[in-house]
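In what follows, a structure is listed as structure tokens, so that the remarks can point back to it.
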Amino acid sequence: MKKILFIIIFLTVYYSAIYSHNYYITNLEKEILKLVNQIRKEHNLKPLKMDEKLNLIAKKHSQDMVKRNYTSHITPDGLTPNDRAKKAGFNIKKKENGGYRIGIGENIYETQAMAEENGKIRYYLEKYTIVAKKAIDAWMASEGHRKNILNPSYKITGIGVAISKDKKIKITQVFF
């Protein structure tokens, strides 16, 4: 009986942690999209729509950055955002204004909250609304990232978040 009770408690805690983690990530991604589209609206631009293939491209890049502990638009293997998009089967060429636009845009962001308690550093996850605002503020303060958010040619987006064991958050947003 004790063994069954232990298994039930263990599974409840385990699945609660997974649900909580996924809930945080999903809400952070939604909040980023909401804030980006608010900014686009303020600049008389149409809102971006989520695209599942771009979501997967963004999520895989964030997960790779966590797994291999780097923060860059270019992977340690030398793959650019366009390389990663093409590898995922995304067509990066779009007919536009009598010509073609080739390539995706990408914004990345990293943050990690920490506090010192009794001389020890403790890492924690800030509220997802705070993390989203910090990411957007950083992107809007960076000329290249700002251009991606305010590019009227971009119509669709994908957002992916990954979190390391020490609660380092990596965010990727791709645009097309």
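The values are calculated or read from the model by the stated rules, or taken from the named source; none is laboratory data. Since the model is a prediction, treat every value here as computed from it, not as a measurement. All Cβ positions, even for glycine, are placed from backbone atoms using ideal geometry, and neighbour counts span all protein chains on display. Keep in mind that these areas ignore ligands, DNA and RNA; they rest on the heavy atoms of the full protein, side chains included. Shrake-Rupley method; radii C 1.70, N 1.55, O 1.52, S 1.80 Å.
So here's what we get for this one:
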{"quantity": "Options 136, 108: the member that is assigned to a strand (DSSP E or B), touching a residue at least 24 places away in the same chain (Cβ under 8 Å) and within 19 Å of the chain's Cα centre (by Cα)", "calculated": "108"}
{"quantity": "Selected residue (only one of 121, 74 is of a type in the set (Val, Ile, Thr), open to solvent by 70 Å² or more (accessible area, probe 1.4 Å) and in a loop (DSSP other than H, G, I, E, B))", "calculated": "74"}
{"quantity": "Residues located in region 71-92, provided they are in contact (Cβ under 8 Å) with a residue 24 or more places away in the chain and either polar (S, T, N, Q) or closer than 25 Å to residue 164 by Cα (or both)", "calculated": "71, 72, 73, 81, 84, 85, 88"}
{"quantity": "Single condition residue 95 does not satisfy, out of (1) without any contact (Cβ under 8 Å) to a residue 24 or more places away in the chain; (2) open to solvent by 30 Å² or more (accessible area, probe 1.4 Å); (3) in a loop (DSSP other than H, G, I, E, B); (4) closer than 19 Å to residue 54 by Cα", "calculated": "(3)"}
{"quantity": "Number of the condition not met by residue 128 [criteria: (1) of a type in the set (Ser, Thr, Tyr); (2) surrounded by fewer than 12 Cβ atoms within 10 Å (Cβ to Cβ); (3) touching a helix residue (DSSP H, G or I) at 6+ places or on another chain (Cβ under 6 Å)]", "calculated": "(2)"}
